[in-house]
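Down below is the structure, laid out as C-alpha cells.
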Amino acid sequence: MKALQLAAPGGLDHLHLTTLPDAPPPGVGEIQVRIHATSLNYHDLLVVSRPGATADGRIPMADGAGVVTAVGAGVTEFAVGDAVVSTFFPQWLSGRRVPSDFKLVPGDGVDGFACEAVTRPATAFTHAPRGWAHEEAATLTTAGLTAWRALFVNGRLQPGDTVLVLGTGGVSIFALQMAKAAGARVIATTSSAAKAERLHALGADVVINYRDTPEWGNAVLAATGGRGADIVVEVGGPNTLPQSIRAGAVGGHIALIGVLTGFAGSVPTAEMMAKQQTLQGLIVGSREQQQDMVRALEQWGWQPVIDRHYPLEQMVQAFAHQQSGQHFGKIVVRY
C-alpha cells in the first residue's frame, strides 16, 4: 500500500511517499479500514515540521476516514462496508479521565492515517455521519470534535448565546456552523475583506477585522451592547487571549484551544477574575463525545467547509498551503 513516512530528523523535506506491506487481517476486537481521506490540522503541521517531534519513519496524520473492509471476531458495532472516521485519542472512550499527552495519538505517538489501509481496534473509530463523503468525514476527528467540545460539552451552549470565533481555520469555521445550527449569535474575526464576506455567508452576525481594529475585544463588547460573548473559541493563544478576556461576558467561558501565536505569555488575570470567567484548556475530545457529535451532524443538514483537496502524493504542497494562512476551512488529502 502507498503511505507517507517522516524520516528523522523531521521537517517537510523529510516527508516521503513509500510503499509498505498491506494492513494485516483484523484480530479479535479489530477492524480493517481502507482509508480514503485525511485532513490537515495545526497539530499535524507541528509534528511534521518540528525536528525530533516524533519517531523516525512515523506515518503522520491524526484524521482518517474510510470504509471497513474486514471485521475481527467479537466486533458487533461495525460491518464490512460501513463508513467510519478515526478518533484522536483511541484510549479515551468516555469519562473525565482525560489524556495528558500524545503518546497514543495517531500520527504523533503512533502511526497515523497517511496510508491506504490500517488495522486498529474497533474502538479507534466511530461511524461517519450518514451521507457524508469521506473527505467531509475526515475533517471531524480533530477540528470538528474540538469545536463540538468547546461549545456543547465545556461551554454548555444555549440558544441565544453569543459565540466569538477567531479567524477562519477549521476549528473556527466548525464552531461558527455548529453555533448557528444551535441557535446562537456568532461574532467572527478576520483580517481579510474577502474572508469577511464568506463568514457572513456562513451566518456570522458580526465580523470584525482585527488588523483594522487591534482592540477587537472592545469591538465585541460594543457589538453586544456591553455584554460580551458567552463563549469564546480561543485558537490564537497568548497574543490573542487578553483580547478574548476583554471580549468575554461576565461569567463567560473561554475555550483555550490553540497555540498559533506561541506557547506562553502574560494573562490579564485581574480582568478575568473580575469577570468571573472560566478559562479551560482542551485537546479534542473522547469517543463518546464524537458519537454525540455525529448524531447531531446528521440532523443539522450542512457539511464542513473544505478549502482545497490534494492527492496523497502532494501532502507537502498541502502543508505549504496551510502554512500560508490563506485557507478558509479545512484542507483535505484524498486517496
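Below, the figures for the structure above:
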read-out	value
The one condition in (1) open to solvent by less than 20 Å² (accessible area, probe 1.4 Å); (2) farther than 15 Å from residue 247 by Cβ; (3) among the hydroxyl-bearing types (Ser, Thr, Tyr) that residue 189 fails to fulfil	(2)
Those residues of region 216-266 which are under 23 Å from residue 44 (Cα atoms) and among the charged types (D, E, K, R), in sequence order	234
Residue 95 vs. criteria modelled with pLDDT of 95 or more, farther than 27 Å from residue 170 by Cβ and surrounded by fewer than 20 Cβ atoms within 10 Å (Cβ to Cβ)	no
Segments classed as strands (runs of 3 or more DSSP E), wholly inside region 1-120, with at least 1 members that are charged (D, E, K, R) and closer than 30 Å to residue 328 by Cα	2-6, 30-39
Long-range neighbours under 8 Å by Cβ, at least six apart or interchain, first residue at positive phi and of a type outside the set (D, E, K, R) within region 71-96, second loosely packed, with under 11 Cβ neighbours inside 10 Å and at pLDDT 95 or above	74/28
Lone qualifier among 219, 229, 223, 193 - being closer than 18 Å to residue 279 by Cα and modelled with pLDDT of 95 or more	229
Residue satisfying condition, being under 15 Å from the mean Cα position of the chain (by Cα) and touching a residue at least 12 places away in the same chain (Cβ under 8 Å), within set 327, 309, 321	327
Wholly within region 256-335, helices (runs of 4 or more DSSP H) carrying at least 1 residues that are under 19 Å from residue 131 (Cα atoms)	287-300
Total residues in region 247-288, condition among the polar types (S, T, N, Q) and either within 29 Å of residue 105 (Cβ to Cβ) or surrounded by 15 or more Cβ atoms within 10 Å (Cβ to Cβ) (or both)	5
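The values are calculated or read from the model by the stated rules, or taken from the named source; none is laboratory data. These figures come from a predicted structure and were not determined experimentally. Every residue, glycine as well, gets a Cβ built from its backbone with ideal geometry; the counts of neighbours run over all protein chains shown. The accessibility values were calculated without ligands, DNA or RNA, using every heavy atom of the protein model including side chains. Shrake-Rupley method; radii C 1.70, N 1.55, O 1.52, S 1.80 Å.
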